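Structure first, then comments.
The values are calculated or read from the model by the stated rules, or taken from the named source; none is laboratory data. This one's a predicted model, so the numbers in the text were calculated from it and none came from an experiment. For neighbour counting, all protein chains shown are included, and Cβ atoms are generated from backbone atoms with ideal geometry for every residue, glycine included.
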Amino acid sequence: MSEESYLARLNPEQRAAVEAVDGPLLVLAGAGTGKTRVLTTRFAHILHSGRAQPWQVLAVTFTNKAAREMRERVAAIIGQPAEGLWLGTFHALCARMLRRHAEAAGLTSSFTILDTDDQMRLLKQVMEARQIDVKRWPPQVLMATIQRWKDRGLTPARVSPTDEAEVANPRSIAFYAAYQQRLLDINAADFGCLLLHVVEIFRARPDILEQYHRQFRYILVDEYQDTNQVQYQWLRLLAQARKNICCVGDDDQSIYSWRGAEVENILRFEQDFPGATIVRLESNYRSTAPILATASHLITHNEGRLGKTLRPGRNDSSGEKVQVVSLWDSEEEARMVGERIEQAQREKISLNEMAVLVRAGFQTRSFEDRLIVLGVPYRVVGGLRFYERAEIRDAMAYLRLLHQPADDLAFERIVNTPRRGLGDSTIAAMHLAAREQGIPMMAAARELVETLKPRPRSALRELMAGFDRWREALETHGHVRTAEIVLEESGYIAMLKADKSPEAPGRLDNLKELTRAMGEFETLAGFLDHTALVMENNEEAGAERVSLMTLHGAKGLEFDLVFLPGWEEGVFPNQRSLDETGNKGLEEERRLAYVGITRGRKRVIISHAANRRIYGNWTSAVPSRFLDELPEAEISREGAQRQRVADSVFNGPMAARRPPRIIEADGWAVAPRPAATSTYKRGGRVFHQKFGYGTVTGVEDNKLDVSFDKAGQKRVLDSFLEPG
Ligand code: ATP
Ligand code: MG
């Protein structure tokens, strides 16, 4: 592409930001104003104008996906594949540097990068070797402290003895030092080490830093508002010689303070790089006017903003209002989302251009279930599909075993999860015994239990007794309550509660969501059949798909149609931010809402459910305060806002839409399902709870072959069907 043509794609302010190549530059601008486009074009312009070779530019993105996109766009502008680029996330770039200079950090270049599990195991060993009771001082707590120190660029030697964490837990620094030493001994680094080591090398070895000063003529940084201290130190060290650093960011989109990001880095930029040019971009090219006005209005409820103007850059005065939809419950919410996705498809909007953005991972479940019914392909970006998540698979294994004691795969999965002290050899012995006698492993385990050492013996006995009890519970308490009992009594919940890693609370939420999903079925068998079908539903690769992801994962992305479900107090804003004193957490949640709304190009649909099923019980959900902070002129509200369950069940506008719930004697509510009529005939039309409408092509006992309109040919149980 010629210089004229790529520069012509920019407005005057953007163009100025691209052409001011030398010296420090900060682009501070709202969502969708073309910050990333400026950065990419600047990259290409630097190469195109011969100021630097591809490997002489250092470009930092927030995700690997963003790095890939930038690589492609740069290549498109310069007209050739961009080779040898230093383009990636902070971690990727630092890993590459550390491999080059590993010896300077006491490692060799083949060092291993540890995952969270290994990391935790190592720290635990370090603590145990020093006679620390890890029950009283869980390694997860210490690990969190260590990570915070690393985020701040503090090696053990740099942590002050009066540091808050050290005062709270004396010897933390000593353990940190021992942990770092262990890592060196095994030639490994954890994620936080990557940056820390490189910064330390730069400080200790001016010769190495100077190599990079010579190499990197230009530095480019996207999503600058979310850099933490150590990342900032790294950037400053690299930039100090030439000062050709360009950072782009938006203080209103700072959403990673929980990972140590500091929006103050934006303010410090001017101090650290005196004479820096500050460019403000004000035209938003992404979203329609109502979407923009809605997001801008919402964010004015935050205090302490740097303040920015944002106006529509496209001069189409049209643009639909932002829709705010109130629904009865999450099933209805998922149904609404499904319908509107289909409607958008009819309007020729590609599925790739649609996204459902949730606050927390567990929320994808209801939408996944619904999209499967409709046969709409989807992907869960940055995470696993709900039923593929480890804790869900574990819980399902318990339930499968309860239903079907001969399910050896399920047995193997859970026999030592949580840990019961059973070694590989014990499990191998169960295998052998089961094979020799032709019995299920569970039965073999019952026979073997007496031969085990005391600890595993009592643990396994307890598990077997558990299954006997739980099978009875199934009769008396029903499947939802039983599932809760199983998860509690097996020690599974306790295991997750003891786990202080950042993922653990999300796992617990997923399990709660699982029991909620079970409540949608009458029996355990029905639910298990459903999940088996869901799991089997593998979508073909390469097809267009709706994206399901968290709001955090959506940063920097854009879609024609964006769904923002679950806007309820305690969900979004999340409970933690509400429990906190002060409004820091709440303001971060609001910025997250701003990020969510500004992902939409043409249509944004926000929704909330008035009721949530929690442990089989219905509770009312209070609509998110953010819904009251939207500008009435720009939005359209649908469905009455409902505050209290009692109101809505007995008097509310939705009262007639649903049959009243039957409250069982023990207080667990069940939703009655329409009874299936007994016989279906070939050629008859049916409706399946998960696959939608279809035509019966064959009947065999209670199993039917059905050609579904959307989901294709399937074999299903008649109890899942209704006349269609
Ligand atoms: P975010 O804050 O969400 O990361 P951003 O500021 O990085 O947003 P971009 O993603 O670079 O914004 O741009 C938003 C959209 O506007 C993109 O589709 C981009 O191609 C388009 N765009 C940017 N600048 C212009 C322009 N001058 N003319 C037309 N379209 C533009
Ligand atoms: Mg961007």
Exercise for the section: Scan region 126-146 and give yes if some residue there is touching a residue at least 24 places away in the same chain (Cβ under 8 Å), among the polar types (S, T, N, Q) and closer than 23 Å to Glu103 by Cα, otherwise no. Expected result: no
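This table checks each residue for (1) outside the structural domain of Arg68 (by TED's automatic domain parsing); (2) among the small types (Gly, Ala, Ser); (3) within 24 Å of the chain's Cα centre (by Cα); (4) over 21 Å from Phe202 (Cβ atoms).
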{"residue": "Ala104", "(1), (2), (3), (4)": "yes, yes, no, no"}
{"residue": "Leu107", "(1), (2), (3), (4)": "yes, no, no, no"}
{"residue": "Val126", "(1), (2), (3), (4)": "yes, no, no, yes"}
{"residue": "Trp137", "(1), (2), (3), (4)": "yes, no, no, yes"}
{"residue": "Thr162", "(1), (2), (3), (4)": "yes, no, no, yes"}
{"residue": "Ala168", "(1), (2), (3), (4)": "yes, yes, no, yes"}
{"residue": "Ser172", "(1), (2), (3), (4)": "yes, yes, no, yes"}
{"residue": "Gln181", "(1), (2), (3), (4)": "yes, no, no, yes"}
Practice task
Among the numbered conditions (1) more than 30 Å from Asp115 (Cα to Cα); (2) in contact (Cβ under 8 Å) with a residue 24 or more places away in the chain; (3) not hydroxyl-bearing (Ser, Thr, Tyr), tell me where Glu447 comes up short.
Solution key: (2)
Completion exercise
When (1) more than 15 Å from ligand 1 (Cβ to nearest atom); (2) under 22 Å from Glu332 (Cβ atoms) are applied to Arg576, the one that fails is (2)
Exercise for the section: Consider only pairs whose beta carbons are under 7 Å apart and that are at least six residues apart or on different chains; among these, list those whose first residue lies in region 308-327 and is at positive phi and whose second residue is surrounded by fewer than 21 Cβ atoms within 10 Å (Cβ to Cβ) and at pLDDT 85 or above. Expected result: Gly319/Ala289
Fill in the blank from the handout: For region 156-173 the number of residues that are under 14 Å from His197 (Cβ atoms) and either free of Cβ contacts under 8 Å to residues at least 24 places away in the same chain or surrounded by 18 or more Cβ atoms within 10 Å (Cβ to Cβ) (or both) is 2
Completion exercise
Result of the Cβ filter at 8 Å on region 528-555, keeping first residues that are over 18 Å from His403 (Cβ atoms) and partners that are surrounded by fewer than 19 Cβ atoms within 10 Å (Cβ to Cβ) and at pLDDT below 65, at least 6 apart or interchain, is Arg545/Glu539
Problem - Boolean, Arg51 is without any contact (Cβ under 8 Å) to a residue 12 or more places away in the chain and under 28 Å from Phe202 (Cα atoms) - result: no
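Residues checked against (1) charged (D, E, K, R); (2) modelled with pLDDT of 85 or more; (3) in contact with a helix residue (DSSP H, G or I) (Cβ under 7 Å, 6 or more places away or on another chain):
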position	(1), (2), (3)
Cys94	no, yes, yes
Arg99	yes, yes, no
Glu103	yes, yes, no
Asp115	yes, no, no
Problem - Criterion violated by Thr294 - all others in (1) in a helix (DSSP H, G or I); (2) more than 22 Å from Glu588 (Cα to Cα) satisfied - result: (2)
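Each row is one residue, and each column tells you yes or no for (1) under 15 Å from the mean Cα position of the chain (by Cα); (2) buried (at least 21 other Cβ atoms within 10 Å of the Cβ).
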site: Gln363; (1), (2): yes, yes
site: Val380; (1), (2): yes, yes
site: Glu388; (1), (2): yes, no
site: Ala395; (1), (2): no, yes
site: His403; (1), (2): no, no
site: Gly421; (1), (2): no, no
site: Asp424; (1), (2): no, no
Practice task
Six or more apart or on different chains, Cβ under 6 Å: which pairs go from a residue in region 398-424 that's without any contact (Cβ under 8 Å) to a residue 40 or more places away in the chain to one that's among the polar types (S, T, N, Q)? Could you list them?
Solution key: Leu422/Asn416
Completion exercise
The helices (runs of 4 or more DSSP H) lying wholly within region 381-496 that contain at least 3 residues that are among the basic types (Lys, Arg) are 454-489
Practice task
Filter region 252-280 for residues that are among the acidic types (Asp, Glu) and within 14 Å of ligand 2 (Cβ to nearest atom) and give the result.
Solution key: Asp252
Practice task
Determine if region 89-112 includes at least one residue that is polar (S, T, N, Q), free of Cβ contacts under 8 Å to residues at least 40 places away in the same chain and in contact with a Lys or Arg (Cβ under 9 Å, 6 or more places away or on another chain).
Solution key: yes
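Here is a yes/no grid of residues against (1) outside any helix (DSSP H, G or I); (2) under 25 Å from Asn284 (Cα atoms); (3) touching a Cys at 6+ places or on another chain (Cβ under 9 Å):
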residue: Thr41; (1), (2), (3): no, yes, no
residue: Arg51; (1), (2), (3): yes, no, no
residue: Ala59; (1), (2), (3): yes, yes, no
residue: Lys65; (1), (2), (3): no, yes, no
residue: Val74; (1), (2), (3): no, yes, no
residue: Ile77; (1), (2), (3): no, yes, no
residue: Gln80; (1), (2), (3): yes, no, no
Practice task
Mind counting the residues in region 502-523 that are in contact with a Lys or Arg (Cβ under 9 Å, 6 or more places away or on another chain) and part of a loop (DSSP other than H, G, I, E, B)?
Solution key: 5
Exercise for the section: Kindly provide the set of residues from region 274-304 that are within 19 Å of Pro631 (Cα to Cα) and more than 14 Å from ligand 1 (Cβ to nearest atom), ordered by number. Expected result: Ala289, Pro290, Ala293, Thr294, His297, Leu298, Thr300, His301, Asn302, Glu303
Fill in the blank from the handout: Note on region 5-56: residues under 21 Å from Lys308 (Cβ atoms), small (Gly, Ala, Ser) and away from ligand 1 (no atom under 16 Å from the Cβ) are Ala20
Fill in the blank from the handout: Apart from one, (1) over 27 Å from Gln225 (Cα atoms); (2) within 15 Å of ligand 2 (Cβ to nearest atom) all hold for Leu26; the odd one out is (1)
Completion exercise
If we ask which residues in region 49-77 are more than 10 Å from ligand 2 (Cβ to nearest atom) and modelled with pLDDT of 90 or more, their number turns out to be 12
Fill in the blank from the handout: Filtering region 124-142 for residues that are in a helix (DSSP H, G or I) and closer than 17 Å to Pro170 by Cβ leaves a count of 5
Exercise for the section: Would you check if Glu347 is touching a Lys or Arg at 6+ places or on another chain (Cβ under 7 Å) and modelled with pLDDT of 90 or more? Expected result: no
Practice task
Kindly check whether there is at least one residue in region 273-282 that is buried (at least 16 other Cβ atoms within 10 Å of the Cβ) and either part of a helix (DSSP H, G or I) or free of Cβ contacts under 8 Å to residues at least 60 places away in the same chain (or both).
Solution key: no
Problem - Only one of Gln343, Gln323 that is in a strand (DSSP E or B), under 26 Å from Ala609 (Cα atoms) and polar (S, T, N, Q) - result: Gln323
Practice task
Specify the residue that is nearest to Val324 (Cα to Cα); the eligible residues are those in region 242-267 that are more than 30 Å from the chain's Cα centre (by Cα) and charged (D, E, K, R).
Solution key: Lys243
Practice task
Please go through region 150-184 and pick out each residue that is outside any loop (DSSP other than H, G, I, E, B) and either under 21 Å from Cys94 (Cβ atoms) or in contact with a Phe, Trp or Tyr (Cβ under 7 Å, 6 or more places away or on another chain) (or both).
Solution key: Lys150, Asp151, Pro156, Ala157, Arg158, Tyr176, Tyr179, Gln180, Gln181, Arg182, Leu183, Leu184
